[in-house]
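Enquirer: Sharing a structure here in structure tokens format.
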Amino acid sequence: MSEARLAAEVEASALLRLVEQRGGFGAVLHKGDATRGALLLAISERGAAVTCLARELTMSGNYGWARVGPATADAGMLRNFLEKRRRGDPDEWQIELDVPSAERFIAETTDLG
């Protein structure tokens, strides 16, 4: 059985505050379903795209973060990827986070699950 999960809107707000506390910037690119919407993070550092993380249900029944999207940091490919995801799941939240030490933030975030 999966663990209890925060409402998507609450989790999105908490992520934005966490990034701002670390000296970064966050913006909601697309608001999904406030309660059960999936979360997709477009992670950047100093304006350069690094990767995307998506909240996914794991085989163990718990939620965790997984890298998704284009392997390159090409802005056009990233825009296309995000648009395709929006069309496929309009309930998904898409959040852009520009954080100092993006790789460290990603490691910490994925460790927390």
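The values are calculated or read from the model by the stated rules, or taken from the named source; none is laboratory data. Quick caveat, the model's predicted, so the values are computed rather than measured. Note: ideal-geometry Cβ built from the backbone for every residue, glycine included; neighbour counts use all protein chains shown.
Enquirer: It is to be established whether one or more residues within the stretch 23-36 are hydroxyl-bearing (S, T, Y) and under 14 Å from the mean Cα position of the chain (by Cα). If you could, list the steps in order and put the result at the bottom.
Expert: Residues of the stretch 23-36 hydroxyl-bearing (S, T, Y): 35.
If we keep only those that are under 14 Å from the mean Cα position of the chain (by Cα) as well, we get none.
For the stretch 23-36, residues hydroxyl-bearing (S, T, Y) and under 14 Å from the mean Cα position of the chain (by Cα): absent.
Enquirer: How many of the residues making up the stretch 58-83 are under 14 Å from the mean Cα position of the chain (by Cα) and hydrophobic (A, V, I, L, M, F, W, C)?
Expert: Summing the residues that are under 14 Å from the mean Cα position of the chain (by Cα) and hydrophobic (A, V, I, L, M, F, W, C) in the stretch 58-83 gives 6.
Enquirer: Also, I was wondering about something else. So in the stretch 26-82, with the set limited to residues that are of a type in the set (D, E) and not in a strand (DSSP E or B), which one is farthest from F105 (Cα to Cα)? Please lay out each step first, then the result.
Expert: So the first thing to find is which residues in the stretch 26-82 are of a type in the set (D, E), and the list is 33, 45, 56, 74.
Adding the requirement that they be not in a strand (DSSP E or B) leaves 33, 74.
Values: D33: 25, D74: 21 Å.
Top of the filtered list is D33.
Enquirer: Follow-up. Which is touching a residue at least 24 places away in the same chain (Cβ under 8 Å) and of a type in the set (A, V, I, L, M), of A102, A54, A71?
Expert: Details: A54 fails: touching a residue at least 24 places away in the same chain (Cβ under 8 Å); A71 fails: touching a residue at least 24 places away in the same chain (Cβ under 8 Å).
Exactly one of A102, A54, A71 is touching a residue at least 24 places away in the same chain (Cβ under 8 Å) and of a type in the set (A, V, I, L, M), namely A102.
Enquirer: Among (1) closer than 21 Å to A8 by Cα; (2) crowded, with 18+ Cβ neighbours inside 10 Å; (3) touching a helix residue (DSSP H, G or I) at 6+ places or on another chain (Cβ under 8 Å), there is one condition A49 misses while meeting the rest; what is its number?
Expert: Among (1) closer than 21 Å to A8 by Cα; (2) crowded, with 18+ Cβ neighbours inside 10 Å; (3) touching a helix residue (DSSP H, G or I) at 6+ places or on another chain (Cβ under 8 Å), A49 violates only (1).
Enquirer: Does the stretch 23-42 hold any residues that are modelled with pLDDT of 90 or more, of a type outside the set (S, T, N, Q) and either farther than 24 Å from N80 by Cβ or touching a Ser or Thr at 6+ places or on another chain (Cβ under 7 Å) (or both), and which are they?
Expert: Going residue by residue through the stretch 23-42, those that are modelled with pLDDT of 90 or more are 23-35, 37-42.
Okay, now just the ones that are also of a type outside the set (S, T, N, Q), so 23-34, 37-42.
Across the stretch 23-42, the qualifying residues are G23, G24, A34.
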